[in-house]
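Quick notes on the structure that follows.
The values are calculated or read from the model by the stated rules, or taken from the named source; none is laboratory data. The shown structure was predicted, so the numbers you read here are calculated from the model rather than taken from an experiment. Cβ coordinates were reconstructed from backbone atoms using ideal geometry, including for glycine residues, and neighbour counts include every protein chain displayed. The accessibility values were calculated without ligands, DNA or RNA, using every heavy atom of the protein model including side chains. Shrake-Rupley method; radii C 1.70, N 1.55, O 1.52, S 1.80 Å.
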Amino acid sequence: MLEIVTMTLGPVSTNTYLVADPESRQAVVIDPAWDGKAIAEKAAQRGWQITGIWITHAHFDHMAGAAGLFQILGSAAPVALHPADLALYQKQGGAALFGMRIEPGPEPGLQLFHGQTLTIGLYPFEVRHAPGHTQGHVIFCSKTESVAFCGDVIFRGSIGRTDLPGGNFDVLIESIRTQILTLPDDTTLYSGHGSETKVGFERTYNPFL
Ligand SMILES: [Zn+2]
Ligand SMILES: [Zn+2]
């Protein structure tokens, strides 16, 4: 079974997920929110080797730890990003809009696309493009493990904001319908902020849907 460690980091309490295959000890970081060194140490404590940095979307609070991770891991853990969020990533995730400054992340080494399969050890993950919060937002789904990492697309009882550059409410709702609600009800959703939820719960109770 996959092991998932949640770290809530940074000025807007963003969830960073360390996701590992305990047998091969390979791990990826999904959304290095802040403090790359602390994330690397957490993986090292468990004997996990970080082989990739997967970014759901390039807002600063989901990538600010990438520079620190790169200093420790170098190109052994390439940043994976959808090209539609590359410009945002290269502007430090819009940090200036929030009066923040972050260290620029390394150049992404892997371009994500809809329908792509990524792996953590022996576990395959499907990449689904889910724009609306940002244009290049993706989610990472494991059908065998019934989990999806969905960034700021959907939260327990809420949805991502659409008032930032590149946001679009109708596009976001369409993404949720086609990319989230098409997953089985017992799929656990790990969001970029707040607690985890299930597809079935959101289908029934999310007031935006
Ligand atoms: Zn965001
Ligand atoms: Zn966020």
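Give just the number: which of (1) open to solvent by 10 Å² or more (accessible area, probe 1.4 Å); (2) closer than 18 Å to residue 141 by Cα; (3) more than 16 Å from ligand 2 (Cβ to nearest atom) does residue 68 not satisfy?
Looking at each condition in turn, residue 68 falls short on (2).
How many residues does segment 18-42 contain that are of a type outside the set (Asp, Glu) and open to solvent by 10 Å² or more (accessible area, probe 1.4 Å)?
Residues that pass the stated criteria total 9.
Of these, 133, 137, 129, which one is open to solvent by 40 Å² or more (accessible area, probe 1.4 Å), under 14 Å from the mean Cα position of the chain (by Cα) and at pLDDT 95 or above?
Of 133, 137, 129, the one residue that is open to solvent by 40 Å² or more (accessible area, probe 1.4 Å), under 14 Å from the mean Cα position of the chain (by Cα) and at pLDDT 95 or above is 129.
So residue 85 ticks every box in (1) over 18 Å from residue 130 (Cβ atoms); (2) of a type in the set (D, E, K, R); (3) open to solvent by less than 20 Å² (accessible area, probe 1.4 Å) but one. Which box is left unticked?
(1)
This table checks each residue for (1) within 16 Å of ligand 2 (Cβ to nearest atom); (2) surrounded by 14 or more Cβ atoms within 10 Å (Cβ to Cβ); (3) charged (D, E, K, R).
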position: 167; (1), (2), (3): yes, yes, no
position: 183; (1), (2), (3): no, yes, no
position: 187; (1), (2), (3): no, yes, no
position: 193; (1), (2), (3): yes, yes, no
position: 199; (1), (2), (3): no, yes, no
position: 204; (1), (2), (3): no, no, no
position: 207; (1), (2), (3): no, no, no
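Of the numbered conditions (1) in a loop (DSSP other than H, G, I, E, B); (2) within 12 Å of ligand 1 (Cβ to nearest atom), residue 85 satisfies every one except a single condition; which is it?
Just one mismatch for residue 85, condition (1).
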